[in-house]
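The values are calculated or read from the model by the stated rules, or taken from the named source; none is laboratory data. Because the structure is a prediction, the values reported are computed rather than measured. In this analysis, Cβ positions are derived from the backbone assuming ideal geometry, glycine residues included, and neighbour counts consider all displayed protein chains. Surface areas here come from the heavy atoms of the whole protein model, side chains and all, with no ligands, DNA or RNA. Shrake-Rupley method; radii C 1.70, N 1.55, O 1.52, S 1.80 Å.
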Amino acid sequence: MNTKNHKICFSTQSIQRGFTLIELVVVIVILGILAVVAAPKFIDLKGEATAATLKSIKGSLSSGVNFIQSKAMIQGKYDVEVATTLTFDGLTFTTYNQGVPREIWNDGFKALIDGDFNHLGSGAGQMSTVCSGNEFCVIDILPASNVITGKGGYGIFFIPNGYKLADKDCFAYYAFQITAGLLTYKETETVVDGC
């Protein structure tokens, strides 16, 4: 046999083949599984970012309150047992024993904390108001016991956009209590369980 005369022919046309129905179903199932796994991680990241921002607000509150207390000490208004006025850098604060400032947003606090805040108002009547219009909202002159079990005195509370303080699960705050002219407690803290 002569192999020289035989030609092998190759076609220049390629064979195109689409996905079968089973392959498409498998791809859709895999994408569904990825979405179920990835979506909670994404949602959790938003909550973690909100909690981190509230912790930053708490840090600013703590620094601001400590700064006011040190100014009260310098001005000889630290050990008072009645409310007094503390003025510095064009700001005026009402302070109590150990120089703790009163929890009034428009009475100097808004100058101490940088951020995009909407003052919702004062008192317990604002607790059911959903924060909107700004990244965070503020409620001041609020009895702390309305929000935090076992705490007396008053506080100023910060909640993220889309939340309301009545839920009591995502906020930062500064609260204190004065009893018989003396400071009983002072704290700045966050609650981030529901963020």
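A few notes on this one:
- The aspartates and glutamates within cross-link reach of Lys186, meaning a Cα-to-Cα straight distance under 17 Å and a gap of 8 or more places when in the same chain, are Asp79, Glu81, Glu103, Asp140.
- A full extension of the chain between Val36 and Asn134 corresponds to an added length of 32.2 nm, given 0.36 nm per residue minus the alpha carbon distance.
- Accessible-area order (highest first, 1.4 angstrom probe) of the listed residues Asp79, Asp116: Asp79, Asp116
- Its Cα centre serving as origin, the chain has a Cβ charge dipole (Lys and Arg +1, Asp and Glu -1) of approximately 1000 debye.
- Close lysine pairs were tallied over segment 52-171: pairs 8 or more places apart or on different chains with Cα atoms under 21 Å apart number 13.
- Folded to 0 to 90 degrees: helix 21-74 orientation relative to the chain principal axis, Cα: 20 degrees
- Potential lengthening of the chain between Asn106 and Leu21 amounts to 24.1 nm, from the contour at 0.36 nm per residue minus the alpha-carbon distance.
- Thr179 accessible area, assembled protein chains, probe 1.4 Å, Å²: 70 Å²
- With DNA, RNA and ligands ignored, accessible area of Lys77 (1.4 Å probe; Å², nearest 10): 50 Å²
- DSSP bridge orientation in segment 105-178 - percent antiparallel, rounded to nearest 5: 70 percent
- Most positive-pole-ward Cα, Tyr154, Gly108, Val191, against dipole of the chain from beta carbon charges: Val191
- Sorting Tyr78, Tyr173 by accessible area puts them as Tyr78, Tyr173; the probe is 1.4 Å, largest comes first, and only protein heavy atoms count.
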